[in-house]
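The values are calculated or read from the model by the stated rules, or taken from the named source; none is laboratory data. These figures come from a predicted structure and were not determined experimentally. Quick reminder, even Gly has a Cβ in these numbers, built from the backbone with ideal geometry, and neighbours come from all protein chains shown.
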Amino acid sequence: MSGRPLTRWRECRPELYPPRGLALWRRAAAVLLGLGLFLWGLDALEVTPGRLIDGIGQLGHVFMLMMPPAVTEHVWDYVRAIGETLAMAFLGTLVASLLAVPLALMGARNIMPFGPVRLLVRRSSDVVRGIDSLVWAIFFVSVVGLGPFAGILAIAMNDTGVLTKLYAEAIENTDREQVKGVRATGAGRMQTIGFGVLPQVMPVLLGNSLYFLESNLRSATILGVVGAGGIGFFLMDRLMISAWREVSLIVIMVLVTVACIDALSRVLRGRLIGPVGR
Amino acid sequence: MADGTLGVRPLQHPQSRARFARAWAAQKRAHRLQWLSAAVLMLVLIAISAWLGEVKLALLWDRLPRFGSYFGRMVPELAWATLGEDLAYWYWNGWQWLASLWQTVLIAIYATLFGAILAYVFSFLAARNLTPAPWVGVAARRTLELARTVPELVFAVLFVFAFGIGPLAGVLAIGLHSFGALGKLFGDVAENADPEPLRGVRATGASWAQTMVYGATPQLMPDYLSYGLMRLEINVRAASILGFVGAGGIGQELYRAIKNFDHTDISAIALMLIAAVMLIDALCGWLRGRVIGRDGLRAL
Amino acid sequence: MSLSSRCGRPNAAGAKRVLELRALTRRFGNATAVDRVSMAVGDGEMVAVLGRSGAGKSTLLNMINRLIDPSEGEILYHGRDVSRLSGAELLAWRRQSAMIFQRFNLVARLSVLTNVLTGRLNHKPRLPKLFGMFNDQERDIAIDALASLGMDDHALKRADQLSGGQQQRVAIARALVQEPRLILADEPVASLDPVNSQAVMEALRRINQERGITVLCNLHSVPLARAWCDRAIALSEGRVIYDGPVGGLDEPTLLAIYGSAAALTEAH
């Protein structure tokens with residue numbers, strides 16, 4: 001192509017080129033407006049370069065203080081607290097999964113013909129889900145007192161909301177032909193649900209429950225902040241008294257636990273729903 | 001069923017029938033054993049968890065009435081005649097709460113934005129088919145894992161300590177966690193990217209970064225946007241509690257109300273929060289639909 | 001048509017050698033896909049590479065462009081070994097040896113014009129291109145290339161809205177804007193119907209004759225090779241078993257290439 005005079009296509013094909021003149025100005029104005037909005041938002045969030053730089057320096061300082069992690073006589077307390085955390089996540093997920101199945105059936109359009117019930121289930125699950133499990137934990141601490149039991153109830157509450165929604169959507173997406181097939185054998189309403197709908201959604205249900213077990217383990221680690229048991233209590237306690245080297249030990253213990261549970265749940269998921277269920 | 005009563009043609013030879021019956025029984029036994037051991041394991045797990053988790057069902061049953069009275073106290077006194085005044089009394093601090101709520105939403109938006117941009121870059125480093133070098137991929141995946149395993153609230157406490165009380169710590173904490181969570185999701189999507197366009201762009205002499213921008217990004221963008229919007233929904237919820245540790249947003253007001261047993265304040269704030277969450281969910285759902293719907297029409 | 005400078009250059013096999021392969025080998029595990037291939041290609045030649053599927057044609061072309069690294073051997077271009085290049089030099093070599101693929105390998109969601117512009121990614125300035133900014137001159141080049149293939153009316157469509165034949169012409173335009181000295185076409189017409197096959201081969205031949213670009217073209221069909229190429233190289237199990245003018249492809253040679261009469265009928 002070198003040496004050959006190029007056609008100047010801009011004249012005959014202006015739409016293939018970036019705009020010029022007024023259109024260009026309009027685009028520049030839009031970009032500036034976006035940038036202005038972005039900066040205004042940053043200002044509203046009290047973000048300034050000075051604070052950022054200071055903070056990063058502080059963070060580095062804290063990080064240096066954290067090293068190396070300190071293994072103290074409290075280690076067995078931490079191990080027990082992690083066990084408590086695991087128990088909270090496990091029981092919370094289990095209860096939520098069991099409660100969510102009937103609720104989801106009541107909230108699914110293809111199962112529950114009665115509109116108001118469906119709406120009530122769906123909306124109340126929205127409300128329950130809209131409140132973080134930490135807030136539920138505060139609430140349950142005031143009901144059943146300090147300790148992991150409040151945490152279990154909080155996780156179960158929040159997750160029932162989330163799982164009801166997810167399960168209901170899964171049930172609504174089931175294949176109608178298969179359900180029809182079961183109904184054609186003369187099965188009753190309950191039998192149709194049991195043999196036509198549930199087998200189809202089982203993999204989704206189990207997969208979601210396992211996924212939530214992992215995610216609940218993460219949220220269970222912080223419920224101790226408000227006194228609802230688990231490792232979070234020690235984590236906050238050590239943070240408050242600036243025992244940084246113990247904080248790093250706890251964080252590492254949590255990371256290892258979560259990694260183990262993730263691996264276990266991956267294996268279980270593979271066994272229960274096959275390689276495609278991920 | 002072993003004798004073929006379900007209209008299945010019965011097996012002809014008694015010998016093979018016996019063999020079938022034996023195999024069937026053995027399989028049934030193995031199956032039953034599997035189920036039984038799984039059930040026992042489950043029960044043991046439940047028992048241990050119940051013991052560790054200090055489950056006291058009797059206590060819950062005892063305290064159940066408190067449940068009702070707790071909610072009862074949250075209901076404000078509203079009368080038709082004086083509805084305006086009652087509402088004003090209920091939402092006595094409404095404008096302040098609205099400002100905090102707005103801050104919560106801003107925290108969620110900026111955290112999602114920062115997290116998503118970083119996750120976008122890291123997804124290409126972490127995906128096994130796109131990574132510039134295997135060790136970079138391993139390093140990127142470990143970084144993402146770390147960022148998503150540490151709970152937001154722990155990050156928030158650290159950042160409040162480092163950056164001071166205020167929404168900045170919240171943005172950074174949620175942003176960092178979103179970076180980890182989205183980076184994982186994005187990376188999984190990127191691993192399924194169609195290799196043909198990537199080869200096509202690479203063959204022109206494009207550098208790695210250029211290949212990612214022109215070969216990978218166009219095919220992945222719709223999925224990335226969809227996941228990003230989903231994360232925004234999650235982050236609004238997460239941002240609502242950051243105030244508990246001083247990292248900005250409506251959580252601060254909520255925490256104060258709970259601590260001081262201002263029951264009507266709790267319900268007022270919670271209602272605002274739920275409304276905001278629902279609004280954002282609906283907005284994100286609509287946007288997601290547009291992202292997917294528009295996909296068939298426009299060239300990037 | 002802006003391709004007006006008809007040079008009518010002779011494509012004699014005796015022209016100056018530009019590309020030379022010396023004992024080029026590629027192994028995948030225990031299998032040897034390309035086995036000590038040695039050959040020389042003259043400037044401005046149009047060479048058909050024939051062989052059954054699995055004979056190593058595709059690996060050979062991908063190795064020359066360096067999308068696949070050779071296990072052993074040398075690739076000399078103007079006497080310079082390009083088989084060990086890395087970094088920026090490797091990218092520059094890929095730019096000079098443009099690839100065309102059987103499945104077009106366009107980016108589906110990008111517009112036709114942007115797809116063609118990706119051919120300019122290795123030309124300076126490179127930084128603005130990371131943000132999708134190409135200057136007017138590069139757009140001129142890209143639209144020129146599209147126009148020379150009759151595709152300029154489709155410039156703003158998404159690449160996946162075009163038919164196979166149209167997509168392959170866009171891919172050729174992308175190769176052209178790279179300003180290559182060598183075009184490596186890997187089964188360019190295998191996914192196309194006969195009419196589009198002829199159009200694409202005609203375009204390649206025109207580029208070869210008018211611009212003097214050397215073309216190496218993997219083909220599964222012997223008639224296409226006879227109709228459009230000067231010279232044929234045949235591979236079987238990774239080795240060169242024929243190298244000469246397309247006219248020299250007689251029945252015994254073809255039987256040797258395709259192994260059986262049945263496979264040969266398929267190739268016709």
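Which of the residues spanning the stretch B:190-210 are crowded, with 18+ Cβ neighbours inside 10 Å and touching a residue at least 40 places away in the same chain (Cβ under 8 Å)? Result: B:190, B:193, B:198. Output yes when any residue across the stretch B:162-180 is surrounded by fewer than 24 Cβ atoms within 10 Å (Cβ to Cβ), part of a helix (DSSP H, G or I) and more than 16 Å from the chain's Cα centre (by Cα), and no when none is. Checking the stretch B:162-180: at least one residue is surrounded by fewer than 24 Cβ atoms within 10 Å (Cβ to Cβ), part of a helix (DSSP H, G or I) and more than 16 Å from the chain's Cα centre (by Cα).
Within the stretch A:12-52, restricting attention to residues that are of a type in the set (Gly, Ala, Ser), at pLDDT below 85 and farther than 30 Å from residue B:246 by Cα, which residue is nearest to the chain's Cα centre (by Cα)? If we take residues in the stretch A:12-52 being of a type in the set (Gly, Ala, Ser), at pLDDT below 85 and farther than 30 Å from residue B:246 by Cα, then A:23 is nearest to the chain's Cα centre (by Cα).
Under the condition of being more than 20 Å from residue B:104 (Cβ to Cβ) and within 12 Å of chain B (Cβ to nearest Cβ), the residues counted in the stretch A:108-142 number 7. Of everything in the stretch A:110-152 that's among the aromatic types (Phe, Trp, Tyr) and in a helix (DSSP H, G or I), which residue is farthest from residue B:261 (Cα to Cα)? The selected residue is A:149.
For the stretch A:41-66: of the residues being more than 9 Å from every other protein chain (Cβ to nearest Cβ) and touching a helix residue (DSSP H, G or I) at 6+ places or on another chain (Cβ under 7 Å), which is surrounded by the most Cβ atoms within 10 Å (Cβ to Cβ)? Step by step, filter the stretch A:41-66, then rank; the result is A:66. With respect to (1) of a type in the set (Phe, Trp, Tyr); (2) within 11 Å of another protein chain (Cβ to nearest Cβ); (3) crowded, with 16+ Cβ neighbours inside 10 Å, the lone exception for residue A:78 is condition (2). Answer yes or no: is there a residue in the stretch A:146-153 that is surrounded by fewer than 21 Cβ atoms within 10 Å (Cβ to Cβ) and within 27 Å of residue B:276 (Cα to Cα). Scanning the stretch A:146-153, I find no residue that is surrounded by fewer than 21 Cβ atoms within 10 Å (Cβ to Cβ) and within 27 Å of residue B:276 (Cα to Cα), so the answer is no. Evaluated against (1) buried (at least 24 other Cβ atoms within 10 Å of the Cβ); (2) within 30 Å of residue C:222 (Cβ to Cβ), residue C:192 falls short on exactly one condition, (1). Test residue B:260 against the stated conditions and say whether it is closer than 27 Å to residue C:62 by Cα, modelled with pLDDT under 90 and away from chain C (no Cβ under 14 Å). Taking the combined requirement at face value, the residue does not satisfy it.
Output the residue which, of all residues in the stretch B:230-248 that are within 11 Å of chain A (Cβ to nearest Cβ) and more than 22 Å from residue A:227 (Cα to Cα), is nearest to the chain's Cα centre (by Cα). Of everything passing the filter in the stretch B:230-248, B:234 is nearest to the chain's Cα centre (by Cα). Applying the criterion of being within 14 Å of chain A (Cβ to nearest Cβ) and among the hydroxyl-bearing types (Ser, Thr, Tyr) to the residues of the stretch B:55-83, the residue that is surrounded by the fewest Cβ atoms within 10 Å (Cβ to Cβ) is B:69. Consider residue C:36 carefully, then state whether it is in contact with a strand residue (DSSP E or B) (Cβ under 8 Å, 6 or more places away or on another chain) and under 19 Å from residue C:158 (Cα atoms). Against the criterion (in contact with a strand residue (DSSP E or B) (Cβ under 8 Å, 6 or more places away or on another chain) and under 19 Å from residue C:158 (Cα atoms)), residue C:36 does not qualify.
Looking at this structure, is residue B:55 outside the structural domain of residue B:260 (by TED's automatic domain parsing) and assigned to a helix (DSSP H, G or I)? Taking the combined requirement at face value, the residue does not satisfy it. When B:105, B:189, B:121, B:138 are checked against the criterion of being part of a helix (DSSP H, G or I), β-branched (Val, Ile, Thr) and over 30 Å from residue B:207 (Cβ atoms), B:105 stands alone in meeting it. Quick check on the stretch C:85-99. Is at least one of its residues under 13 Å from residue C:218 (Cα atoms) and either facing chain B (nearest Cβ under 8 Å) or surrounded by fewer than 22 Cβ atoms within 10 Å (Cβ to Cβ) (or both)? Yes, there is a match, as at least one residue in the stretch C:85-99 is under 13 Å from residue C:218 (Cα atoms) and either facing chain B (nearest Cβ under 8 Å) or surrounded by fewer than 22 Cβ atoms within 10 Å (Cβ to Cβ) (or both). The C-beta contact set for the stretch A:143-159 (first residue at the interface with another protein chain (Cβ under 9 Å from one of its Cβ atoms) and under 14 Å from residue A:89 (Cβ atoms), second residue charged (D, E, K, R) and assigned to a helix (DSSP H, G or I), distance under 8 angstrom, 6+ apart or interchain) comprises A:148/A:84. Quick check on the stretch A:171-180: of everything there that is modelled with pLDDT under 80 and assigned to a helix (DSSP H, G or I), which residue is nearest to the other protein chains (Cβ to nearest Cβ)? Selected residue: A:172.
Condition check ((1) of a type in the set (Ser, Thr, Tyr); (2) at pLDDT below 85; (3) closer than 30 Å to residue A:144 by Cβ) across all residues:
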position	(1), (2), (3)
B:73	no, yes, yes
B:77	no, yes, yes
B:80	no, yes, no
B:84	no, yes, no
B:90	no, yes, yes
B:95	no, no, no
B:102	no, no, no
B:107	no, no, no
B:118	no, no, no
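The criterion of at least 3 residues that are under 17 Å from the mean Cα position of the chain (by Cα) is met by the following helices (runs of 4 or more DSSP H) wholly inside the stretch C:151-268: C:164-177, C:194-211, C:222-228. The residue that is farthest from residue B:289 (Cα to Cα), among those in the stretch B:203-229 that are more than 7 Å from chain C (Cβ to nearest Cβ) and hydrophobic (A, V, I, L, M, F, W, C), is B:208. I need the full set of residues from the stretch C:127-171 which are in contact (Cβ under 8 Å) with a residue 60 or more places away in the chain and either within 12 Å of chain B (Cβ to nearest Cβ) or touching a Cys at 6+ places or on another chain (Cβ under 9 Å) (or both), in order please. Selection gives C:167, C:168, C:170, C:171.
Residue under question is residue C:109, and the condition is that it be assigned to a loop (DSSP other than H, G, I, E, B) and within 28 Å of residue C:58 (Cβ to Cβ); does it hold? For residue C:109, the condition - assigned to a loop (DSSP other than H, G, I, E, B) and within 28 Å of residue C:58 (Cβ to Cβ) - is met. The residue that is nearest to the chain's Cα centre (by Cα), among those in the stretch B:89-102 that are assigned to a helix (DSSP H, G or I) and of a type in the set (Phe, Trp, Tyr), is B:102. For the structure I just gave you, tell me whether residue A:87 is assigned to a helix (DSSP H, G or I) and surrounded by fewer than 19 Cβ atoms within 10 Å (Cβ to Cβ). Criteria not met by residue A:87.
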